[in-house]
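Engineer: Here it is: the structure, laid out below.
The values are calculated or read from the model by the stated rules, or taken from the named source; none is laboratory data. Here the structure is a predicted model, which is why all the values come from computation and not from measurement. Using ideal geometry, Cβ is built from the backbone for each residue, glycine included, and neighbour counts are taken over all protein chains shown. Heavy atoms of the whole protein, side chains included, go into the accessibility calculation; ligands, DNA and RNA do not. Shrake-Rupley method; radii C 1.70, N 1.55, O 1.52, S 1.80 Å.
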Amino acid sequence: QRRLKVRIKSVNYEEVYPFYSKAAKERVSLKTSKETWWYGIVNDNNEILGVAGLLKVKIGYRIKGVYVLPDYRNMGLGGQLTEHLIQFCENRFSLIEAFAYNPKYYEKRGFNRYGSLPNGAVKLRKKP
C-alpha cells in the first residue's frame, strides 16, 4: 500500500464539480446545496485526490458523496475523509447519517442501519 503525504482542506463546489460525472457513474452523489460543506483530500501539489460533503440536516449532519479518484484508491484516503467528517460532527455532539450502497464501510465506523431508500441505498446513522 502506497503512502502519500496528504491533508484535508475545505474546498468550494467549483473544485468538487469536475468529479461530478465520474462519481455519478459509481452511484456517488456530488449534488450540492447551500447547506453542504465540501472537503478535499489534497497532495503536496495541492491536487485534489478525493472529495466529500457534509450536509446540515434537521437531525444533525449527513455525509454526502465520499469519492476518491481511481488511481488513489485503496490507500485509506476515503477513510481519512470520512473520519474527518465524523470528527467534525462528534466535536459538535451531533448525530451523523449516511445513505450508502456500501453499508459495511460505515458500520465498521460505528454507524447503525435504520432503513433503506427506494433506490436500494441503506440509511445509517451514528450517535455522538
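Engineer: From the phi of every residue in segment 66-83, what ³J(HN,Hα) in whole Hz does the Karplus formula 6.51 cos²θ - 1.76 cosθ + 1.60 yield, where θ is phi - 60° and glycine or proline is x?
Structural biologist: Result, rounded to whole Hz: 6, 9, 10, 4, x, 5, 10, 7, 6, 10, x, 5, x, x, 5, 4, 4, 4.
Engineer: Sequence neighbours fewer than 8 away in the same chain don't count; with that in mind, list the lysines whose C-alpha is under 17 Å from residue 126.
Structural biologist: Once the sequence-local lysines are set aside, what remains near residue 126 is 56, 58, 64, 104, 108.
Engineer: Could I ask something else about it? Taking the Cα atoms of segment 45-101 alone, what are Rg (to one decimal) and Dmax (as a whole number) in Å?
Structural biologist: 12.2, 37
Engineer: Right, here's the next one. Rank these residues by their accessible area, most exposed first, probe 1.4 Å: 73, 113.
Structural biologist: 113, 73
Engineer: Which one of 49, 119, 75 is farthest out on the positive end of the charge dipole of the chain, using unit charges on Cβ (Lys, Arg +1; Asp, Glu -1) and the Cα centre as origin?
Structural biologist: It is 119, whose Cα lies furthest towards the positive end.
Engineer: Of the accessible area of segment 1-115, with the probe set at 1.4 angstrom, what percent is carbon plus sulfur?
Structural biologist: Roughly 48 percent of what the probe reaches on segment 1-115 is carbon or sulfur.
Engineer: Name the longest site-free stretch of the chain, where the excluded sites are chymotrypsin sites (Phe, Trp or Tyr not before Pro) in a DSSP loop with no more than 16 other beta-carbon atoms within 10 Å.
Structural biologist: That would be 1-92.
Engineer: How much accessible area per residue does the chain have, counting only protein heavy atoms and a probe of 1.4 Å, in square angstrom?
Structural biologist: 59
Engineer: Give the value in nm², to one decimal: projected area of the alpha carbon convex hull of segment 72-128, averaged over all directions.
Structural biologist: For the Cα atoms of segment 72-128, the hull's average projected area reads 4.1 nm².
Engineer: Explain nothing, just the number: dipole magnitude of the chain about its Cα centre with +1 on each Lys and Arg Cβ and -1 on each Asp and Glu Cβ, in debye rounded to the nearest 20.
Structural biologist: 460
Engineer: Need one word for segment 1-46: rounded, prolate or oblate. Basis is the Cα gyration tensor (sqrt eigenvalues a ≥ b ≥ c); a/c below 1.5 gives rounded, then a/b vs b/c decides.
Structural biologist: Oblate shape, in that a/c is at least 1.5 and b/c is the bigger or equal ratio.
Engineer: Ignoring everything except DSSP H segments at least 4 long, calculate the 222 nm mean residue ellipticity for the chain; use -39,500 (n - 2.57) per segment, divide by total residues, nearest 500.
Structural biologist: Result for the chain: -6000 deg cm²/dmol, rounded to the nearest 500.
Engineer: Could you tell me which of rounded, prolate or oblate describes the chain, using a ≥ b ≥ c as the square roots of the eigenvalues of the alpha-carbon gyration tensor, with rounded for a/c under 1.5 and, failing that, prolate when a/b is larger than b/c and oblate otherwise?
Structural biologist: rounded
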